[in-house]
Amino acid sequence: QVQLVESGGGLVQPGGSLQLSCEASGNIQVIGTMGWYRQVPGKQRELVATITSDSNSWTEYSDSVKGRFIISYANAKNTVHLQMNSLKPEDTAVYYCNALTKIARWNYWGQGTQVTVSS
C-alpha cells in the first residue's frame, strides 16, 4: 500500500555533503515513522535516522552519524530528506528509505540508492 522511491545518491569526496530524498506514495496515512537505513556488502543493514510522521516530527540518529546527518520532512509531507554532511569513507553504503506503519507495523522499503565517499 506504500511505495518509496529514493534519489540523490552519488559519488562524493570525503568532507563533502549530499542530500538524499525519499518520496512516499499510496496509502501514506498509515505511516507512523519514516527513516533511513544503510547496508555495506557483508554487513547487517543498520539504522541511520528516523522521524515520526505525527506533528512532533521527533528524530533519532545512530551514534555514527549524530551531528553530521539531519533527517527532515519537506514542505510536502510525503517526502523526507537526509542531509549528509562531513561525509567519511565509512559512510559508503547503499541507503534505503523505510516506512513503518502505525497499526500493523509493516515495513516498506525503497529500492536503495548508492552513496560512495572516496577521493
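The values are calculated or read from the model by the stated rules, or taken from the named source; none is laboratory data. For clarity, every value in this text was computed on a predicted model and none was experimentally measured. Reconstructed Cβ throughout: ideal geometry from the backbone, glycine too, with neighbour counts over all protein chains shown. Accessible surface areas use protein heavy atoms only, side chains included; no ligands, DNA or RNA. Shrake-Rupley method; radii C 1.70, N 1.55, O 1.52, S 1.80 Å.
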>> Need the failing condition index for His81 against (1) without any contact (Cβ under 8 Å) to a residue 40 or more places away in the chain; (2) touching a Phe, Trp or Tyr at 6+ places or on another chain (Cβ under 8 Å), just the number.
In response: (1)
>> For a quick check of your reading of the model, give me the residue pairs whose first member lies in the stretch 43-64 and is within 17 Å of Leu87 (Cα to Cα), whose second is open to solvent by 80 Å² or more (accessible area, probe 1.4 Å), with beta-carbon atoms closer than 7 Å and at least 6 apart or on different chains.
In response: Ala49/Glu60
>> For the structure I just gave you, tell me whether Tyr37 is touching a Lys or Arg at 6+ places or on another chain (Cβ under 8 Å), within 24 Å of Gln13 (Cβ to Cβ), part of a strand (DSSP E or B) and open to solvent by 40 Å² or more (accessible area, probe 1.4 Å).
In response: yes
>> Just checking, does the stretch 97-117 include any residue being crowded, with 18+ Cβ neighbours inside 10 Å, closer than 23 Å to Val12 by Cα and among the aromatic types (Phe, Trp, Tyr)?
In response: no
> Just one of Thr52, Thr59, Thr79 is within 21 Å of Asn107 (Cα to Cα), under 11 Å from the mean Cα position of the chain (by Cα) and surrounded by 12 or more Cβ atoms within 10 Å (Cβ to Cβ); which is it?
Replying inline: Thr79
> Which of the residues that make up the stretch 1-34 are over 16 Å from the mean Cα position of the chain (by Cα), closer than 20 Å to Ala104 by Cβ and assigned to a strand (DSSP E or B)?
Replying inline: Gly26
>> List the residue pairs whose Cβ atoms are under 9 Å apart, where the first residue sits in the stretch 24-41 and is more than 10 Å from Val94 (Cα to Cα), the second is open to solvent by 50 Å² or more (accessible area, probe 1.4 Å) and small (Gly, Ala, Ser), and the two are 6 or more positions apart or on different chains.
In response: Val30/Ala104
> open to solvent by less than 60 Å² (accessible area, probe 1.4 Å) and at pLDDT below 95 - does that describe any residue in the stretch 8-19?
Replying inline: no
>> Checking the condition modelled with pLDDT of 95 or more, within 12 Å of the chain's Cα centre (by Cα) and of a type in the set (Gly, Ala, Ser), which residue from Ser72, Ser64 passes?
In response: Ser72
